[in-house]
1. Compute the distance in nm between two label points, each set 7 Å from the Cα along the Cα-to-Cβ direction, one at Q5 and one at R53.
2. Quote to one decimal, in nm, the extra length available between N107 and R80 on full extension: 0.36 nm per residue of separation minus the C-alpha distance between them.
3. Going by C-beta contacts inside 10 Å, put D54, D42 in order with the fewest on the left.
4. Please compute the net charge surrounding S9, taking Lys and Arg as +1 and Asp and Glu as -1 over other residues with Cβ under 11 Å from its Cβ.
5. Points 7 angstrom from Cα along the Cβ direction at V30 and L16: gap in nanometres?
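Read-outs throughout are calculated quantities, based only on the coordinates presented, and are distinct from any laboratory measurement. All of these numbers come straight from a predicted model, not from anything done at the bench. Using ideal geometry, Cβ is built from the backbone for each residue, glycine included, and neighbour counts are taken over all protein chains shown.
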Amino acid sequence: MTAGQTHESTAFTTVLENARITDYDGELDVSPVHLGGDKAFDAEWIRDWLNERDITPVIPHRGEIPEARHPDFDREMYRRRNVIERLVGWLKECRRLFARYEKTAINFLGFMALSNLKRNCRRD
């Protein structure tokens with residue numbers, strides 16, 4: 001967690017060096033093959049850090065240079081980020097639910113039912 005005014009990239013190496021993915025037995029340590037980010041993470045040092053660890057950056061380049069000139073950019077994989085972006089957006093919308101502002105069980109369950117109803121209505 002960083003301060004609100006601090007850019008996320010300042011914690012980039014710390015987060016990735018301490019992130020561990022294990023299987024259900026807790027034995028398998030996996031490293032990512034690709035890492036996606038938005039244009040804010042288009043920094044040479046980030047790309048170098050990822051390449052040194054054989055992690056393919058899926059980060060669009062800043063500026064007015066068309067992505068077609070960057071053959072290393074995987075446009076289709078980058079587009080799949082929207083699933084995570086939508087999940088984060090939904091979680092932000094429902095922060096009352098996840099922060100459990102409602103202290104009594106009946107109020108909490110009622111709010112949960114309403115948020116589920118709201119989410120299901122959006123699909124129509």
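1. Between Q5 and R53, the simple spin-label model gives 2.9 nm.
2. Length difference between fully extended and current span is 6.1 nm.
3. In order of increasing Cβ crowding within 10 Å: D54, D42.
4. Details: positive: none; negative: E8, D38, D42.
Surrounding charge for S9 is -3.
5. Going by the 7 Å Cα→Cβ label model, 1.8 nm.
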